[in-house]
Amino acid sequence: MSGINGKVIALTGASSGIGEETAVHLAARGARVVLGARRKERLDAVVERITSQGGEAVGLVVDVTRREDLARLTGEAVERFGRLDVLVSNAGTMAISPFDELRQDDWDAMVATHVTGLLNGIGAALPVFRRQRSGHFVNVASTAAYLVKSPQGVYAATKTAVKILSEGLRQESGPDLRVTLVSPGFTDTEGVGKGAGPEIAAELVRQRDEIAMPPSAVASAIAYAIEQPAHVDVGEIVVRSTAQA
Ligand code: NDP
């Protein structure tokens, strides 16, 4: 199946920001979307936004750090819609801090969300994709995977892991699967600065408000990769505001 219309697409981190905009964009183009995130109310609001526009969506409370939650997400896609065409692994946390602050819980959360979370998605979707002899992993990294800037060391390292895991997966995927890495620059979402200390958060929000692109720009990039013919694998997309150095 090529294009977007009719595809069954599961997305993590779909309760706000890039994930929400991507879900709305894909559903508007005829995808049936299965949305995962931890905040049920926000997720319900996204499902309502989609269904009120005539789209098909279902939301599940999912914590990507839990292997069984990803299995439930992909399982729901197959049970409800008969298949899973795409898994967009987008859940993320930008709890950025200097090493000296020793915010080790935040370090752990970034590793668990971006690295373990991605692996949990691969573990849940790969057997489904192999059975179907088709499937597409879309993994959201960051421009921080290409250039580390202080104090983003841990965040950048985990997003670099997303990049490397995507390339490793692509090399093993064979002719039936596609793997796309999408790396956004500063994007205008509530996640920027969230969980960071007050000074860092204020600086990140200042930069966001000065140079960020809208999340719809990332949604379009993800849609571009998905809508290509089945034999075309868009490997990497870096998308940033022209104002970002
Ligand atoms: P948001 O904070 O708006 O979105 C993050 C999403 O991830 C939310 O839906 C959140 O939902 C979800 N999430 C976080 N942790 C978990 C978890 N453990 N399990 C399930 N869902 C989780 O920020 P963005 O939209 O900006 O971020 C989306 C992705 O884009 C992230 O991976 C981020 O690193 C990346 N990115 C963002 C950039 C930016 O400037 N905004 C730039 C480059 C990359 P909930 O809390 O309900 O679980």
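Here are the numbers for the structure shown:
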| item | result |
| --- | --- |
| When residues of segment 26-74 are limited to those that are β-branched (V, I, T) and in a helix (DSSP H, G or I), the one nearest to A223 (Cα to Cα) | I50 |
| Residue that is nearest to A91 (Cα to Cα) [pool: residues in segment 160-178 that are within 14 Å of the chain's Cα centre (by Cα) and open to solvent by less than 10 Å² (accessible area, probe 1.4 Å)] | V162 |
| Segment 192-206: number of residues that are part of a helix (DSSP H, G or I) and touching a residue at least 24 places away in the same chain (Cβ under 8 Å) | 2 |
| Long-range neighbours under 7 Å by Cβ, at least six apart or interchain, first residue among the small types (G, A, S) within segment 19-34, second in a helix (DSSP H, G or I) | A23/V46; A23/I50; A27/I50 |
| When residues of segment 179-206 are limited to those that are of a type in the set (A, V, I, L, M) and away from the ligand (no atom under 13 Å from the Cβ), the one least open to solvent (accessible area, probe 1.4 Å) | V179 |
| Matching option when the condition is touching a residue at least 40 places away in the same chain (Cβ under 8 Å) and within 9 Å of the ligand (Cβ to nearest atom), among R66, R39 | R66 |
| Residues located in segment 146-158, provided they are in a helix (DSSP H, G or I) and open to solvent by 10 Å² or more (accessible area, probe 1.4 Å) | G153, V154, Y155, A157 |
| Selection within segment 140-159 - under 16 Å from the mean Cα position of the chain (by Cα) and among the small types (G, A, S) | A141, S142, A144, A145, A156 |
| Filter result for the condition that a residue is at pLDDT 95 or above, among the acidic types (D, E) and over 17 Å from the mean Cα position of the chain (by Cα), over E20, E41 | E41 |
| Subset of segment 207-221 [assigned to a helix (DSSP H, G or I) and within 13 Å of the ligand (Cβ to nearest atom)] | Q207, R208, D209, E210, I211, P215, S216, A217, V218, A219, A221 |
| Test: residue in segment 97-105 that is over 22 Å from S16 (Cα atoms), of a type in the set (S, T, N, Q) and crowded, with 18+ Cβ neighbours inside 10 Å | yes |
| Sole exception among (1) farther than 29 Å from R208 by Cα; (2) open to solvent by 20 Å² or more (accessible area, probe 1.4 Å) for R42, by number | (1) |
| Matching residues, segment 106-138, being away from the ligand (no atom under 13 Å from the Cβ), surrounded by fewer than 20 Cβ atoms within 10 Å (Cβ to Cβ), free of Cβ contacts under 8 Å to residues at least 60 places away in the same chain and among the small types (G, A, S) | G123 |
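The values are calculated or read from the model by the stated rules, or taken from the named source; none is laboratory data. Being a predicted model, the structure only gives us computed values, none of them experimental. Using ideal geometry, Cβ is built from the backbone for each residue, glycine included, and neighbour counts are taken over all protein chains shown. With ligands, DNA and RNA removed, areas are computed over all heavy atoms of the protein, side chains included. Shrake-Rupley method; radii C 1.70, N 1.55, O 1.52, S 1.80 Å.
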